[in-house]
1. For the chain, how many pairs of lysine residues have a Cα-Cα distance under 28 Å, where the two are 8 or more positions apart or belong to different chains?
2. Tell me the volume per residue, in Å³, of the convex hull enclosing the alpha carbons of the chain.
3. Name the shape class, rounded, prolate or oblate, that the alpha-carbon gyration tensor gives for the range 105-176, where a ≥ b ≥ c are the square roots of its eigenvalues, rounded holds for a/c under 1.5, and otherwise prolate holds if a/b is larger than b/c and oblate otherwise.
4. To check my understanding: the extent here is largest minus smallest coordinate of the Cα atoms along each principal axis. What are those three numbers for the range 12-59, in Å, largest first?
5. For a quick check: sort ARG168, ARG145 by the number of other beta carbons within 10 angstrom, fewest at the front.
6. Using Cα pairs closer than 8 Å and at least 6 residues apart in sequence, work out the relative contact order for the range 32-194, in percent.
7. Could you derive backbone 3J(HN,Hα) for the range 159-166 from the dihedral phi with the Karplus parameters 6.51, -1.76 and 1.60 (θ = phi - 60°), listing whole Hz in sequence and x where the residue is Gly or Pro?
8. Which percentage, to the nearest 5, of the DSSP beta bridges contained in the chain is antiparallel?
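Bear in mind that the values in this text are calculations on the coordinates, not laboratory data. In this text the structure is predicted, and so the values were computed from the model without any measurement. No Cβ is skipped: glycine too gets one built from the backbone with ideal geometry, and neighbour counts run over all protein chains shown.
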Amino acid sequence: MITTLLDGNKRFVSDVFDRERDYFEDLAKQQRPTVLWIGCSDSRVPVNTITQTRPGEIFVHRNVANIVATNDWNLSAVLEFSINHLMIPDIVVCGHYGCGGIAALDEKNAEDRYIPIWLNNAYKARERVDDKLLELHFQIPEEQRMNLIVEENVRLQLEHLQEYPFVRTAMQDGALSLHGWVYDMSNGGIKVVQRNNLVCRE
Ligand SMILES: [Zn+2]
């Protein structure tokens, strides 16, 4: 597999880089991305491919289940750099149906040490969906329930984003918009699940 990657890079240099040398040379001097993408690490959700964007257009942060944890210094630094230095005007939190991280909310694997701790930042999404289904006396297929939790998790993480004071300030100044999307691997489409100006629900 590793050899395949290096062979692929050789083809990239000869087929893409050389053909668009001006674009890449300009890009080497400075990046000007206009979107911060917070997505899942899942290999089936490659941001540039599913949005048909080029290198330099999207600043990317990916982790298990596209989670925004306010005690995650990795993401905090990404956010600070995106908003205060790159002046990125749009942040997308993109989940995806069939997310293994979200499915793990229902699983108890005693051998995992870190995944359950990480998922503490997403359990509330499952609670909200299950409470709502109980309240409405709805019984739905498991796959549909999971899809609802995937969507609710995106809304929850957008709320977490707004716990950062500098995110709220940028939004209030009209310099930043938040967007919630879910990618559907079965047809390649993106569903918009939430937009700007969210009201925190507690
Ligand atoms: Zn995932």
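1. 6
2. Enclosed volume per residue, from the Cα hull, is 154 Å³.
3. Oblate is the answer for the range 105-176, as a/c is 1.5 or above yet b/c matches or exceeds a/b.
4. Sorted largest first, the three principal extents are 31, 22, 14 Å.
5. Ordered by Cβ neighbours within 10 Å, fewest first: ARG168, ARG145.
6. In percent, rounded to a whole number, it is 27.
7. Once θ is set to phi - 60°, the couplings for the range 159-166 become 5, 4, 4, 7, 7, 7, x, 6 Hz.
8. Roughly 20 percent of the beta bridges in the chain run antiparallel, per DSSP.
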